[in-house]
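Participant: Here it is, the structure, as structure tokens.
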Amino acid sequence: MAKYNEIQKMAKNMGINTFQMKKKDMILAIQRAENNMECFGTSRVEYCQELSCLWRDDCISLNETN
């Protein structure tokens, strides 16, 4: 699982203002900046085929707790 500080650093390197952003929101902003589907933490996980997604493990575990 990616740590908050690692995600924040990645987002800042992409020019994303991370002030008061939650981990989920930062990941969605990174997906948006990369022109990828903004799907982290959504119901899409039920049929996701993005096996190489950087966020996959976090997304699956997030959805298991909901």
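Values quoted throughout were computed directly from the atomic coordinates according to the rules given, and no laboratory measurement underlies them. From a predicted model like this one, the values you see are computed outputs, not experimental measurements. Note that each Cβ is placed from the backbone with ideal geometry, even for glycine, and that neighbours are counted across all protein chains shown.
Participant: Return a whole-number percent for the relative contact order of the chain, with Cα pairs under 8 Å and 6 or more residues apart as the contact set.
Facilitator: Values: 48 pairs, mean separation 18.7, N = 66.
Taking the mean separation of contacting Cα pairs over the length of the chain, I get 28 percent.
Participant: Based only on Cα atoms, what mean projected area does the convex hull of the chain have, in nm²? Please list the in-between numbers first.
Facilitator: Numbers: hull surface 17.6 nm².
For the chain, the mean projected area of the Cα convex hull comes to 4.4 nm².
Participant: Given the peptides 5-15, 21-31, arrange them by the average over their residues of other C-beta atoms within 10 Å, most packed first. It would help to have the intermediate numbers written out before the result.
Facilitator: On the way: 5-15: 13.1, 21-31: 18.1.
Sorting 5-15, 21-31 by mean packing, highest first, produces 21-31, 5-15.
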